[in-house]
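Notes follow the structure.
Taken together, the values in this text are just the output of simple stated rules run on the coordinates, not laboratory data. Keep in mind the model is a prediction, meaning the values are calculated, not measured. Glycine also receives a Cβ, built like all others from the backbone with ideal geometry; neighbour counts cover every protein chain displayed.
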Amino acid sequence: MAGLTKKIAMVLGCVAAFGVATPTLSQGLAGAYLAGNQANRDNNYDQAAKFYAQALARDPNNPYLLQNALISFVGKGDVDRAVVIATKVASGQFGGQLADLVLTADAIKRGDYAEAQAILKDGEDRFTPLLHGLLSGWVALGDGKMTAAINAFDDMQNPTVLRLFGQYHKALAVASVGDFDTADRILVGDENGNLRLNRGSLIAHAQIMSQLDRKQEALDLLNGALRGTSDQGVATLRDAIADQGVVDYTYITNAKQGAAEVFLTLANVYDRDQQQGDVRYALIYARLAEYLRPKYAEAVLLTAEILQDQKQFDLATKSYASVPQDDPMFLNAELGRSDALVEAEKPDAAIEVLRGLTRSHGDVPRVHMSLGDVLRGQERYSEATAAYDVAVDMIPDPAPNHWFLFYARGITHERDGNWEAAEADFRRALELNPDQPLVLNYLGYSLVEFGLKLDEAQAMIESAVAARPNDGFITDSLGWVLYRLGKFEEAVAPMERAVQLVSNDPIINDHLGDVYWMVGRKREAEFQWQRALSFKPEEKDADRIRRKLDVGLDAVLEDEAKNETTLSNDN
């Protein structure tokens with residue numbers, strides 16, 4: 001899809017920037033306006049909308065304030081308020097693409113397709129060919145003009161990517177009026193490939209196949225898509241077709257839903273192509289898709305993911321939580337909500353969400369894996385191990401993609417001091433994915449720390465470095481195993497490389513100091529230890545580093561050896 005996404009971005013071409021306008025303001029407006037600008041720059045749509053609304057109360061016809069407020073209200077999901085603002089923007093001399101988009105969506109929502117068509121015609125130069133062509137087709141269909149709708153989709157021919165999306169939406173349009181044979185022929189595709197462009201096209205085609213009494217083909221399509229994944233919505237559809245043979249066609253049944261799909265199409269394009277324009281385009285299109293089709297889980301989840309990427313965790317969790325429990329995408333929404341809560345540094349709330357899922361979706365291994373991951377991140381290793389145990393027990397025949405489950409449980413075993421179980425899990429992970437660099441590194445490094453199988457550990461870490469030469473932590477592991485093997489001169493280059501790759505890690509800088517000391521570069525060693533302290537290592541590590549600065553590494557190692565001998569004799 002990467003190549004297709006790039007081509008789509010080229011089709012989108014230049015669009016009006018949804019940025020911050022900068023008017024000359026009276027002093028009375030300046031405070032609210034500047035606060036709104038700062039919130040807007042931070043993607044804090046709630047606060048931006050609040051401050052711009054305050055500024056508009058003082059100057060309700062200011063075109064710059066209206067444009068900025070419009071962005072903020074759409075971003076926060078209050079499209080009804082945005083419609084009022086867009087109406088004012090369009091009535092002035094500074095109309096723009098966003099106002100046209102909002103007003104087009106409003107007209108479609110109200111069923112006024114003639115008005116929507118007038119806006120599209122008047123703003124043709126401001127809309128991209130992809131957006132204009134797709135919306136024109138659905139608006140014509142909503143107005144009862146099927147021939148005009150088909151022509152609009154068929155007129156989208158060049159470049160190829162425009163034709164692909166035009167034909168995909170044509171298939172959805174004819175399916176919405178019950179012409180499943182035509183829809184199927186289009187979705188099957190031609191010599192250029194099928195038109196299963198996204199998850200939605202997969203669901204639509206499976207429903208269409210079931211309507212045409214092609215149950216097995218629909219099941220084959222869905223089972224192929226589910227291989228190695230846990231998409232609850234697709235799985236639910238697959239089970240329904242398996243049980244009933246024929247299911248209703250529900251994906252897109254009217255012009256309003258079709259227009260929502262257009263906005264979702266554009267949202268996905270911008271969300272995938274992070275380097276093309278501002279990601280807030282994706283958010284705006286996703287919000288408009290939600291506006292036309294409330295509770296549409298695909299749009300809701302995309303909105304939440306974009307907000308989460310923008311670190312707007314409150315808005316993101318609110319969106320995730322809006323997916324009802326009876327929706328097939330509820331599991332995905334709750335897993336997303338837990339991720340957002342973790343990123344918002346609310347791990348207890350995330351754990352509560354996941355504990356709830358173990359009760360409502362306890363038969364899904366991914367739920368227990370996710371719970372284990374959050375507990376592991378909170379250093380609650382025994383609880384994490386218990387969660388991973390449940391997931392492992394539910395997968396009698398692990399596939400290669402399950403390597404991470406055993407790797408994660410290996411970490412919790414190792415942190416709990418159960419090395420035998422940890423090593424068994426790491427080696428099981430390598431059986432499933434033999435060249436996985438994260439596992440090779442963790443197992444190799446752990447063997448080094450325990451002083452076990454050092455030659456094997458070196459070979460593992462060398463393989464990990466070869467797979468990820470720009471990973472500073474893995475490169476540090478190689479330098480450290482060479483150090484532990486007494487190959488101090490050989491350890492210098494990888495340790496220096498590790499510090500170049502991750503310059504602010506206290507442990508890596510500490511390790512480089514130890515290596516320098518062992519090759520006689522003692523002043524450089526002391527510099528690295530001082531540098532390591534500046535990055536605030538854990539207190540036990542800091543104490544050891546300060547001791548090395550006081551008496552040198554040789555004395556520290558000698559004292560540690562004596563202590564180990566004493567402990568061994570005591571035991």
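Summary of values
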{"read-out": "Selection of trypsin sites (Lys or Arg not before Pro), the range 354-459, meeting DSSP coil and at most 15 other Cβ within 10 Å", "value": "453"}
{"read-out": "Difference of contour (0.36 nm per residue) and Cα-Cα distance, residue 295 to residue 468", "value": "58.1 nm"}
{"read-out": "R0 of 35 Å, Cβ-Cβ distance residue 343-residue 87: FRET efficiency to nearest 0.05", "value": "0.40"}
{"read-out": "Ranked 488, 313, criterion: other C-beta atoms within 10 Å, fewest first", "value": "488, 313"}
{"read-out": "Fewest-first sequence of 446, 72, 360 by Cβ atoms within 10 Å of each Cβ", "value": "360, 446, 72"}
{"read-out": "Neighbour-count order for 52, 64, fewest beta carbons within 10 angstrom listed first", "value": "64, 52"}
{"read-out": "Loop-located GluC sites (Glu not before Pro) in the range 373-418, at most 15 other Cβ atoms within 10 Å (DSSP)", "value": "379"}
{"read-out": "Filtered GluC sites (Glu not before Pro), the range 500-571: DSSP coil and at most 12 other beta carbons within 10 Å", "value": "538"}
{"read-out": "Point-to-point label distance, residue 358-residue 122, nm (Cα→Cβ direction, 7 Å offset)", "value": "5.8"}
{"read-out": "Residue 212-residue 435 FRET efficiency (beta carbon distance; Förster radius 51 Å; 0.05 resolution)", "value": "0.70"}
{"read-out": "Lys pairs under 22 Å by Cα in the range 250-376, provided they are eight or more residues apart or on distinct chains", "value": "4"}
{"read-out": "Simple label model, 7 Å out from Cα along Cβ direction - residue 47 to residue 521, nm", "value": "4.5"}
{"read-out": "Residue-averaged [θ]222 nm for the chain, counting only DSSP H segments that reach four residues, each worth -39500 (n - 2.57)", "value": "-23500 deg cm²/dmol"}
